[in-house]
Amino acid sequence: MEIYLVWTLTIVLTVIGLAGVVLPLLPGTTLILIAMVAHKLLLPGDVSWVIIGWIAGVWLLSVIVDFAGVLLGTRLFGGGKWGMIGAGGGAMIGMFFSLPMLILGTVIGAVAAEKLIAEKSNRASLLAGAGAAVGFLISTIGRLICAVVMIAIFLLGVWHAYEATSHTPTF
């Protein structure tokens, strides 16, 4: 495959993945990982498997950050297991509509579950919803950091591979 086509594919998937870090329905860091693995498979000399392993490790961290952010945010603001479940369910429903609906769904899910199932007060339910929103924001920032780190590792790996093959000793 032509080198320019591979680089174009890598860049397009990475940019879409970067957008997917903050937009619903796009698997952000997963697309970035796919772009970089595809690049390795199509242009094997550009980056090592060790670099791909590090990128995959950061991807795994992004997945953990994604789930943990909302759950911990809900929990830290006083929400219980029902608030965490409601926040997750609300996020799942909201993601099919838009980013604001994703956030709103997270909050409404946490509030509704805490109020209706856990039978908590209005104040406690609203605090759980606020925690879910804060957690969502924290997890989005965490995913964005992971995405930038993945891209940086890839670029450094490509640069290192280029440097290793382009220098000839001078006597």
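Hey, Val58 hits all of (1) surrounded by fewer than 20 Cβ atoms within 10 Å (Cβ to Cβ); (2) among the hydrophobic types (A, V, I, L, M, F, W, C); (3) assigned to a helix (DSSP H, G or I); (4) under 23 Å from the mean Cα position of the chain (by Cα) but one; which does it fall short on?
It is condition (1) that Val58 fails.
Evaluate the following for Met36: is it buried (at least 18 other Cβ atoms within 10 Å of the Cβ) and either in contact (Cβ under 8 Å) with a residue 12 or more places away in the chain or of a type in the set (A, V, I, L, M) (or both)? Outline the logic, then answer.
Working: buried (at least 18 other Cβ atoms within 10 Å of the Cβ): yes; either in contact (Cβ under 8 Å) with a residue 12 or more places away in the chain or of a type in the set (A, V, I, L, M) (or both): yes.
So Met36 fits the description; yes.
Leu25: under 22 Å from the mean Cα position of the chain (by Cα), on the phi > 0 side of the Ramachandran plot and either in a helix (DSSP H, G or I) or modelled with pLDDT under 95 (or both), yes or no?
Numbers: under 22 Å from the mean Cα position of the chain (by Cα): yes; on the phi > 0 side of the Ramachandran plot: yes; either in a helix (DSSP H, G or I) or modelled with pLDDT under 95 (or both): yes.
Considered against the rule, which asks whether it is under 22 Å from the mean Cα position of the chain (by Cα), on the phi > 0 side of the Ramachandran plot and either in a helix (DSSP H, G or I) or modelled with pLDDT under 95 (or both), Leu25 comes out as yes.
Within the stretch 126-136, restricting attention to residues that are closer than 12 Å to Gly88 by Cα and in contact (Cβ under 8 Å) with a residue 60 or more places away in the chain, which residue is nearest to the chain's Cα centre (by Cα)?
Just the residues of the stretch 126-136 that are closer than 12 Å to Gly88 by Cα, to begin with: 129, 132-133, 135-136.
Those still in the list that are in contact (Cβ under 8 Å) with a residue 60 or more places away in the chain too: 132-133, 135-136.
Numbers: Ala132: 17, Ala133: 16, Gly135: 13, Phe136: 11 Å.
Among those that are closer than 12 Å to Gly88 by Cα and in contact (Cβ under 8 Å) with a residue 60 or more places away in the chain, it is Phe136.
Of everything in the stretch 90-146, what is over 20 Å from Val63 (Cβ atoms) and among the charged types (D, E, K, R)? Give them in sequence order.
Glu114, Lys115, Glu119, Lys120, Arg123
Does the stretch 1-11 contain any residue that is modelled with pLDDT under 80 and either surrounded by fewer than 20 Cβ atoms within 10 Å (Cβ to Cβ) or hydroxyl-bearing (Ser, Thr, Tyr) (or both)? Step through it out loud before you land on a result.
Step one: of the stretch 1-11, the residues modelled with pLDDT under 80 are 1.
Still in the running and either surrounded by fewer than 20 Cβ atoms within 10 Å (Cβ to Cβ) or hydroxyl-bearing (Ser, Thr, Tyr) (or both): 1.
The answer is yes; a qualifying residue exists.
Give me the residue from the stretch 80-102 that is among the hydrophobic types (A, V, I, L, M, F, W, C) and not in a helix (DSSP H, G or I) and, out of that set, modelled with the lowest pLDDT. Outline the logic, then answer.
First pass over the stretch 80-102, keeping only residues among the hydrophobic types (A, V, I, L, M, F, W, C): 82, 84-85, 87, 91-93, 95-97, 99, 101-102.
Okay, now just the ones that are also not in a helix (DSSP H, G or I), so 95-97.
Values: Met95: 75, Phe96: 78, Phe97: 78.
Among those residues, the one meeting the criterion is Met95.
Find all pairs meeting these conditions: Cβ atoms under 6 angstrom apart; at least six residues apart or on different chains; first residue within the stretch 109-125 and in contact (Cβ under 8 Å) with a residue 12 or more places away in the chain; second residue of a type in the set (S, T, N, Q).
Listed pairs, sorted by first residue: Ala110/Thr74; Val111/Ser125; Glu114/Ser125.
Of the conditions (1) in a helix (DSSP H, G or I); (2) aliphatic (A, V, I, L, M); (3) crowded, with 17+ Cβ neighbours inside 10 Å; (4) touching a residue at least 60 places away in the same chain (Cβ under 8 Å), Val47 fails just one. Which one is it?
If we test Val47 against (1) in a helix (DSSP H, G or I); (2) aliphatic (A, V, I, L, M); (3) crowded, with 17+ Cβ neighbours inside 10 Å; (4) touching a residue at least 60 places away in the same chain (Cβ under 8 Å), just (1) comes out false.
If you scan the stretch 56-66, which residues turn out to be among the β-branched types (Val, Ile, Thr) and either modelled with pLDDT under 85 or out of contact with any helix residue (DSSP H, G or I) (no Cβ under 8 Å at 6 or more places or on another chain) (or both)? Reasoning before the result, please.
First, the residues of the stretch 56-66 that are among the β-branched types (Val, Ile, Thr): 58, 63-65.
Of everything in the stretch 56-66, just one residue is among the β-branched types (Val, Ile, Thr) and either modelled with pLDDT under 85 or out of contact with any helix residue (DSSP H, G or I) (no Cβ under 8 Å at 6 or more places or on another chain) (or both), namely Ile64.
So which of Gly105, Gly69 ends up being in contact with a Lys or Arg (Cβ under 9 Å, 6 or more places away or on another chain), modelled with pLDDT of 80 or more and assigned to a helix (DSSP H, G or I)?
Working: Gly105 fails: in contact with a Lys or Arg (Cβ under 9 Å, 6 or more places away or on another chain).
Within the list Gly105, Gly69, the selection yields Gly69.
The values are calculated or read from the model by the stated rules, or taken from the named source; none is laboratory data. The structure displayed is predicted, hence computed values, not measured ones. Every residue, glycine as well, gets a Cβ built from its backbone with ideal geometry; the counts of neighbours run over all protein chains shown.
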